[in-house]
Each structure stands twice: as structure tokens, then as C-alpha cells.
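*Asks:* I have a structure I would like to understand better, so I am pasting it below and will then ask my questions one at a time.
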Amino acid sequence: MSASEFPEEHPGPARAPREWPSPVQPFRLERLAEQHCGVVSLVQLLAAGVPPEAVRARCVSGGPWRQLLPGVVLLGCREPTDDQHSWAALRFAGGDCPGSPDPMLTGLSALARYGVGDARQRRWPGGPVDILVPAARPVPDDAGVRVHRAARLPRPVVLDGLPCAPALRAALDAASVPECRYGAALVRATAASRWCTPRDVVEELHTAAPAVRPALLAAVADDARRMLRAAGVPDPGWEAELRLDGRELAVASAYWEGRGVVLWIGSAADRGARSLAGAGLAVCAAGPGRLAEEPYRVVRDVLRALRDGPHGPYDRVEIRLRC
């Protein structure tokens, strides 16, 4: 632990040597060691009456304590566990700031605890801990911590005693990491899990960054697929590129070949929806909000269109599926 992480002691009048620990301090340290897997901040140690030089002496190589991050100490010398690394990141990110929202785990660090998809396998041991902090909080860069920011922190979910961002927010933070090649799969797996509802997806769509919106829209399509299948609707072709007499029309969210029926996830005023309707096909348009709030009405509209079909020049429509 570097000397710069501790307050400097200025020379003053001679005084009697300070005893450490005093009769009260062992009790305080025992209480600190019982909390948060024995991970404490320098601020907590100073408040417990431990002088900086004592912390420094105990954190040297081979000493009884270990420094996990700048200003964060493990009251023990064993190899830290994943929980202890997580608590260290939370302490490092300002978990001791009074009157300010506490940071929480997010990204793969949180998803591994939710058990979503293969997040636990994706997160490599010793990799950075993902944390979510208030946008204005200054958190220094460190190789052991990856910082995500939010103007307003969500209500955390406590898993294994650790505060975690809601599952979908954690998946979106994981997907926002530039080197993450499987972010869309994580978002879709999270949206399909018990930790998420269609309404959660819709709410995130309102504020999602452009880079993660396609993954959210894919999750909406997954919900629609499950909804139609559960209602016994015949399987359509999904993400269908439609052409009429060789002329490109649009990419339909779903298309029932031989019936001329389209499910369009979006607004009926969208250019693609208008192009398909103008060609004579039956377009059932439903935005993400309607799919979440009125799924049975969407199913009813699709079933009615299938029953009343076929529609338009269905026999001249060419279809190419993207998935």
C-alpha cells in the first residue's frame, strides 16, 4: 500500500507513544471483519481508531492483511474470494459516501449471480468487477474495476448479500462494453428469464443507447414468438425479407406465407408497414408497449387476419428469412 493513500502526519510536540490496539479497538475490528466478508475501506479503519502506519505495516508482503484496491483492505491474508473482490470494488467506488446512493454490481458481475445464460462462464476469474455508480461520482480508473454510470441509480436487488443492478440493466451494461461480442445474446437471455418482464424491456427501450437498442428489439420479438406459440398460432417466418414481383417491400417481423399476413413490431405509420399494407397484405402492427400490455389483443388480431385470408397478391410474394 503506497504512502500516498494515507494522510500525512505532521511533526508536532513530543507525545507519549500511542498504544495499538486499545481495549475498544479489537471489538471494532471484529465487527468490521464480520461485515462484507472482511473487506473494509481505509476510512472505516481510521474511524475504528487504526492509525495509518498500522494499516501500512499490516499490508506489506507476508503481512496479516492484504490491499485489494487503493484504499481497500482485506482483514486477512488468504487469496480473496469472488465475493471479497466484489465488496472491494463497491468500497473502492464510494460505498462509504454518506448521503449518496451506494454503488452496485452490474454487467457480468451481476448476471453471474442471477444465473442468466452462460454469464458465469463468460466472466473470467480475476477479471474486472463491473459496478454501477451515480453519473457525477468521480471514481478513479483501476484495472480491477470497470465503471458504468447512470444519471439515476435503480433500486438494487440483493443477491448473495451483494447489491446488484436489476437483471436487464446489468445485461445492457454488459452489452455496452466494446469488446463484448455476445451482448445481444445476454440481453435476450435475460429478457427471457424469470428476472425480467416484457414491461421491463419496454421501459429500457425509452432510454437505451443506440448500440443496445437492436438487442432490446430482438428481445421484444422473442417475447412475441413465445406469445404466439403459447396461443397456438401457426408458426410464421421471422425477420422475413419480402419482395413483390422482385421489388423489395420491407423486412416483416413475422410473415405467414400463403396467407399474406404480417406481424409488424412497430407503428402502422412506419414506412415498412405502409409499404406492406400498400401492396395489399394484412399488416397487424403492434409496438413493444402494446405487446407487453395487450398481448391477447395482438393474438386476436393475428388470428382474425389468418382466418380472413389469404390477402393481396400473396402468391407473388417472395420471402427470404433472416433467422
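The values are calculated or read from the model by the stated rules, or taken from the named source; none is laboratory data. Nothing here was measured: the structure is a model prediction, and the numbers come from that model. When we count neighbours, we look across all protein chains shown, and the Cβ atoms used for this are built from the backbone with ideal geometry, even at glycine.
*Asks:* Residues to consider are Leu68, Leu111; find the one that is at pLDDT 90 or above, in contact with a Gly (Cβ under 8 Å, 6 or more places away or on another chain) and farther than 23 Å from Pro156 by Cα.
*Replies:* Criteria check complete, one pass: Leu68.
*Asks:* Here's a follow-up. Asp200 fails exactly one of the following numbered conditions: (1) farther than 20 Å from Arg322 by Cβ; (2) free of Cβ contacts under 8 Å to residues at least 12 places away in the same chain; (3) in a helix (DSSP H, G or I). What is the number of that condition?
*Replies:* (2)
*Asks:* Would you point out which residue out of Arg304, Arg226 is surrounded by fewer than 19 Cβ atoms within 10 Å (Cβ to Cβ) and either touching a strand residue (DSSP E or B) at 6+ places or on another chain (Cβ under 7 Å) or farther than 30 Å from His148 by Cβ (or both)?
*Replies:* Arg304
*Asks:* Looking at Gly95, Gly99, which one is assigned to a loop (DSSP other than H, G, I, E, B), modelled with pLDDT under 90 and either among the hydroxyl-bearing types (Ser, Thr, Tyr) or out of contact with any strand residue (DSSP E or B) (no Cβ under 8 Å at 6 or more places or on another chain) (or both)?
*Replies:* It is Gly99.
*Asks:* Going through the stretch 42-75 one residue at a time, which ones are among the small types (Gly, Ala, Ser) and in contact with a helix residue (DSSP H, G or I) (Cβ under 6 Å, 6 or more places away or on another chain)?
*Replies:* Ala48, Gly49, Gly71
*Asks:* List the pairs whose first member sits in the stretch 301-316 and is without any contact (Cβ under 8 Å) to a residue 24 or more places away in the chain, whose second member is surrounded by 16 or more Cβ atoms within 10 Å (Cβ to Cβ), and whose Cβ atoms are under 7 Å apart, counting only residues at least 6 apart or on separate chains?
*Replies:* Asp301/Cys284
*Asks:* How about the stretch 198-223: which of its residues are within 20 Å of Ala150 (Cα to Cα), surrounded by fewer than 16 Cβ atoms within 10 Å (Cβ to Cβ) and of a type outside the set (D, E, K, R)?
*Replies:* His206, Thr207, Ala209, Pro210, Ala211
*Asks:* Okay, next question. Can you list residue pairs whose Cβ atoms sit under 6 Å apart, with the first residue in the stretch 246-265 being assigned by TED's automatic domain parsing to the domain that holds Ala305 and of a type in the set (Phe, Trp, Tyr) and the second being surrounded by 20 or more Cβ atoms within 10 Å (Cβ to Cβ) and in a loop (DSSP other than H, G, I, E, B)? Count only pairs 6 or more apart in sequence or on different chains.
*Replies:* Tyr255/Pro236; Trp256/Pro236
*Asks:* When you go through Ala136, Ala185 one by one, which is the residue that is surrounded by fewer than 19 Cβ atoms within 10 Å (Cβ to Cβ) and part of a loop (DSSP other than H, G, I, E, B)?
*Replies:* Among Ala136, Ala185, only Ala136 is surrounded by fewer than 19 Cβ atoms within 10 Å (Cβ to Cβ) and part of a loop (DSSP other than H, G, I, E, B).
*Asks:* Do any helices (runs of 4 or more DSSP H) entirely within the stretch 271-323 hold 3 or more residues that are at pLDDT 95 or above, out of contact with any Ser or Thr (no Cβ under 9 Å at 6 or more places or on another chain) and basic (Lys, Arg), and if so, which?
*Replies:* Qualifying helices (runs of 4 or more DSSP H): 295-308.
*Asks:* Go through the residues of the stretch 73-92 one by one and say whether even a single one is buried (at least 22 other Cβ atoms within 10 Å of the Cβ) and assigned by TED's automatic domain parsing to the domain that holds His36.
*Replies:* yes
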